[in-house]
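Here it is, the structure, as structure tokens.
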Amino acid sequence: MRMSPDLSITDLLSQAQAGDQTALTRLLSELQPDIRRYARRQCHRASVLEDVVQEALIVVYRKVGQVRSAQALGGWLLTVVTRLCMLPALMLSRGIEELSDTDEAKRFAAVPVDDLRIDLARAMESLPATHREVVLLRDFEELTINEIATRLGITREATKSRLHRARCLLREYLVNQEAA
């Protein structure tokens with residue numbers, strides 16, 4: 001992570017976590033080159049690079065208070081960027097195909113792909129953590145239901161229920177976004 005000449009990332013992070021908006025703005029500015037570098041390495045399609053950078057900055061803005069330490073920031077950012085790079089391709093390839101209502105599928109097909117990517121990223125962020133985790137394990141890591149249940153220490157039925165509920169919530173979010 002790069003350092004500002006007068007304040008370190010550690011200082012900026014702690015001030016941002018304390019509610020200092022100026023420090024948060026400076027922190028985002030300091031992190032943007034690192035986020036862009038991570039995105040260049042992780043995103044397989046250059047067309048999503050700028051969207052991933054912007055979404056990652058939004059995630060940092062919203063969740064800066066959840067970062068444990070400046071030392072953990074780099075790894076956390078890499079995870080965020082990696083998931084954002086994977087999100088558009090996986091959600092687009094799986095999500096729209098799973099829509100049962102053909103009129104609904106046609107409406108989503110008419111939405112520009114870049115807009116849909118942003119909506120999908122926001123929909124994932126809107127999920128409760130337990131539901132988001134199941135979707136990420138299933139759709140991104142491509143684990144089986146049994147593997148997810150074992151990893152999370154829950155029953156197979158609970159895993160299936162969370163996954164179903166998460167997909168319903170994603171669909172509901174997207175339908176509401178499309179209608180707005």
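Tell me yes or no: at least one residue of the stretch 97-110 is at pLDDT below 80, in contact with a Lys or Arg (Cβ under 8 Å, 6 or more places away or on another chain), in a loop (DSSP other than H, G, I, E, B) and surrounded by 15 or more Cβ atoms within 10 Å (Cβ to Cβ).
Yes, there is a match, as at least one residue in the stretch 97-110 is at pLDDT below 80, in contact with a Lys or Arg (Cβ under 8 Å, 6 or more places away or on another chain), in a loop (DSSP other than H, G, I, E, B) and surrounded by 15 or more Cβ atoms within 10 Å (Cβ to Cβ).
What number goes with the only condition from (1) farther than 23 Å from residue 82 by Cα; (2) at pLDDT 90 or above that residue 176 does not pass?
The failed condition is (2).
Return the only residue of 26, 68 being assigned to a helix (DSSP H, G or I) and among the charged types (D, E, K, R).
Criteria check complete, one pass: 26.
The values are calculated or read from the model by the stated rules, or taken from the named source; none is laboratory data. This one's a predicted model, so the numbers in the text were calculated from it and none came from an experiment. Cβ: placed from backbone, ideal geometry, glycine included. Neighbour counts: every protein chain shown.
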